[in-house]
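This report concerns only the one structure given below.
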């Protein structure tokens with residue numbers, strides 16, 4: 001497939017056109033950001049590791065009936081995906097109290113939830129991705145009721161499938177962020193990526209963090225953690 005002009009460059013990826021109008025070329029970068037871009041750095045080989053982990057997890061989801069935008073890896077750090085109109089809502093699913101939920105509610109990190117918590121955030125770097133609820137999504141026309149229901153159902157299925165798959169390799173899926181979009185015919189697909197950048201992943205036994213929190217919190221060992229996730233999935 002031929003890579004075309006650059007459409008968009010984000011914090012973690014660059015998106016290009018291709019010679020197929022229904023497909024896009026996604027390049028995964030080594031640059032890392034946190035706290036809405038206030039902290040910046042480079043995680044060596046992150047682009048490769050995130051592309052590889054994402055491709056494996058998209059494959060797991062596809063085999064379990066979750067429709068995704070993933071087509072194939074074109075190079076070790078470049079992914080071909082179906083073109084989507086991205087819905088401007090990030091969906092976060094939480095299984096364990098951590099991160100912003102811990103700060104917001106004053107609950108110590110590590111408390112397991114009795115059921116998954118699903119949250120919506122408006123995709124806006126300028127506003128810091130503020131929390132919104134389903135009423136906002138519907139009233140502002142970001143998605144229709146049937147689409148919100150489809151997204152909710154798919155997000156919970158992703159949680160169930162990946163919690164089991166990661167658990168089998170000794171990784172606890174603490175929480176994660178998803179993005180969804182529409183194809184040209186209006187079909188809702190899971191988009192973006194699923195990686196240590198977008199998930200909190202803890203070792204089941206030790207509780208060691210294997211995700212981007214190591215970068216956010218200056219814990220060190222970021223590259224080793226990402227490599228360990230890929231090693232276990234491989």
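Collect the residues in region 111-126 that are modelled with pLDDT of 95 or more and surrounded by fewer than 11 Cβ atoms within 10 Å (Cβ to Cβ), keeping them in residue-number order. Answer for region 111-126, where residues must be modelled with pLDDT of 95 or more and surrounded by fewer than 11 Cβ atoms within 10 Å (Cβ to Cβ): 112, 114, 115. Applying the criterion of at least 3 residues that are within 21 Å of residue 211 (Cβ to Cβ) and in contact (Cβ under 8 Å) with a residue 24 or more places away in the chain to the strands (runs of 3 or more DSSP E) found wholly in region 112-185 leaves 112-122, 171-178. When the test is whether a residue is in contact with a helix residue (DSSP H, G or I) (Cβ under 7 Å, 6 or more places away or on another chain), surrounded by 13 or more Cβ atoms within 10 Å (Cβ to Cβ) and at negative phi, residue 77 passes it.
Within region 1-29, restricting attention to residues that are within 16 Å of the chain's Cα centre (by Cα) and touching a residue at least 24 places away in the same chain (Cβ under 8 Å), which residue is surrounded by the fewest Cβ atoms within 10 Å (Cβ to Cβ)? If we take residues in region 1-29 being within 16 Å of the chain's Cα centre (by Cα) and touching a residue at least 24 places away in the same chain (Cβ under 8 Å), then 11 is surrounded by the fewest Cβ atoms within 10 Å (Cβ to Cβ).
Exactly one residue out of 153, 206, 163 is modelled with pLDDT of 95 or more, over 18 Å from the mean Cα position of the chain (by Cα) and more than 30 Å from residue 14 (Cβ to Cβ), and it is 206. For region 191-223, a residue qualifies if it is in a helix (DSSP H, G or I) and either more than 21 Å from residue 167 (Cβ to Cβ) or in contact with a helix residue (DSSP H, G or I) (Cβ under 6 Å, 6 or more places away or on another chain) (or both), and the qualifying residues are 214, 215, 216, 222, 223.
The values are calculated or read from the model by the stated rules, or taken from the named source; none is laboratory data. Small disclaimer: the values here were computed from a predicted structure and weren't measured. Every residue, glycine as well, gets a Cβ built from its backbone with ideal geometry; the counts of neighbours run over all protein chains shown.
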